[in-house]
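S.K.: Please read through the structure below; I'll follow up with questions.
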Amino acid sequence: MSNLERDPVELLCPPDETTGPGVAVYEYREVPLGGPRAMPVRRTLPQRGRTTIGAWCFADHYGPDDVAETGGMVVPPHPHTGLQTVSWLFEGEIEHRDSTGSHELVRPGGVNLMTAGRGISHSEVSTSGTTRLHGVQLWVALPDDARSVAPFFEHADTTPFRIGDATVRVFVGELAGDGETTDAATGSITVFSPLLGAQVDLPAGGSVDLPLDPAFEHGILVDSGPAFVEAPESGSATEVPWAQLAHLERGHERVRVRADADPVRIVLLGGVPFEEELVMWWNFIGRTHDEVVEFRRRWQSDVIARNDPDGPFGIVAGYDGDPLPAPDLPTVRLKPRR
């Protein structure tokens, strides 16, 4: 998914400082995607208080939306560099096309992963049969030694399994095992740093003790709830409202998630803290202001002005419409947002 903000902020993302052993909760901000019939999304990463969770650097949560009212998802071809996009749905269907020639549908239970590497472009459009659209769009920052790889695309289906009262689907990485999990606890798509991404569903009144890798920090994005989250060291449960993001520092070997009167669905994210600085602007991730300026220049020249269809961003075949121009850069050098 593109970041369609008209005035995207620039972020220089240093390693995040650690806090205490408890659960920190972060609110979302609403961002409109598109024009007059914009589809609103709720963004919890990045923000001032939390720029990354492991290598996860961007999280948009949307729906459930009535497509007849919102117009659904219509994201024209747009570029990416230095990252991977992870598309995960709870309801609906999205058609993906990209400049590597990939053409794939994403549906609930399946994951689409696109590795931008040195440069890619893609489009995302909800299909005509979709009446409700509901899911998350996530980005993963590529480490320096992998951020210039050739772009590629992968799709994988997941298998649900049980832990306690919960139904779990792992779509990225591996859920830490303690004898209760199965082979379904390991995702099959390619990542370049240790990561975890999973959907966890609990019935009303249910609870689960989820095993964690203590080398990871973790995030819990609440899709339906509220969820009650308790780290062993905290001594009490923290209520995490709908659409908000809880964060646990590394060092935890498990976390308890509990539902009250309503069922709970969460997206569990994890990873080894990302130690590299990132400059994020619009749909580009780089390391310096000048890199991002060059990414934008090539997109505008090669694709928007049609000067070089064989450039790093290529062409999205089969999309009926024009690619998305990049916003204007800030009038000052990209710098940390204070």
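S.K.: Consider V229 against the criteria (1) closer than 30 Å to H96 by Cα; (2) open to solvent by less than 20 Å² (accessible area, probe 1.4 Å); (3) assigned to a strand (DSSP E or B): it satisfies all of them except one. Which criterion is unmet?
M.R.: (1)
S.K.: Output the residues belonging to segment 107-120 that are in a strand (DSSP E or B) and in contact with an Asp or Glu (Cβ under 7 Å, 6 or more places away or on another chain).
M.R.: Selection gives G110, N112, L113, M114, I120.
S.K.: Further, regarding this structure: Might you let me know whether segment 133-145 holds any residue that is crowded, with 24+ Cβ neighbours inside 10 Å, among the β-branched types (V, I, T) and closer than 24 Å to E30 by Cβ?
M.R.: So far as segment 133-145 goes, yes, one or more of its residues are crowded, with 24+ Cβ neighbours inside 10 Å, among the β-branched types (V, I, T) and closer than 24 Å to E30 by Cβ.
S.K.: Being at pLDDT 95 or above, part of a loop (DSSP other than H, G, I, E, B) and open to solvent by less than 80 Å² (accessible area, probe 1.4 Å) is the filter here; which residues of segment 235-248 pass it?
M.R.: Hits for segment 235-248 are P241, A243, Q244.
S.K.: Pick out, from segment 23-91, the strands (runs of 3 or more DSSP E) lying fully within it that include 3 or more residues that are open to solvent by less than 10 Å² (accessible area, probe 1.4 Å) and of a type outside the set (S, T, N, Q).
M.R.: Once the strands (runs of 3 or more DSSP E) in segment 23-91 are filtered for at least 3 residues that are open to solvent by less than 10 Å² (accessible area, probe 1.4 Å) and of a type outside the set (S, T, N, Q), what remains is 39-45, 56-66, 74-80, 83-91.
S.K.: Which one of these is open to solvent by 50 Å² or more (accessible area, probe 1.4 Å), closer than 20 Å to T115 by Cα and of a type in the set (V, I, T): V316, V272, V332, V292?
M.R.: It is V272.
S.K.: Go through V149, V111 for me and flag whichever is closer than 18 Å to V172 by Cβ, of a type outside the set (S, T, N, Q) and open to solvent by 10 Å² or more (accessible area, probe 1.4 Å).
M.R.: V149 is the lone residue from the list that is closer than 18 Å to V172 by Cβ, of a type outside the set (S, T, N, Q) and open to solvent by 10 Å² or more (accessible area, probe 1.4 Å).
S.K.: Shifting gears a bit: I'd like the residue in segment 296-338 that is assigned to a loop (DSSP other than H, G, I, E, B) and of a type in the set (S, T, N, Q) and, out of all such residues, is farthest from P151 (Cα to Cα).
M.R.: That would be T331.
The values are calculated or read from the model by the stated rules, or taken from the named source; none is laboratory data. Every value quoted in this text rests on a predicted model; they were computed, and no experiment measured them. Ideal geometry is used to build each Cβ from the backbone, glycine not excepted, and the neighbour counts take in all protein chains shown. To get the accessible areas, we keep the full protein, side chains included, count just its heavy atoms, and leave off ligands, DNA and RNA. Shrake-Rupley method; radii C 1.70, N 1.55, O 1.52, S 1.80 Å.
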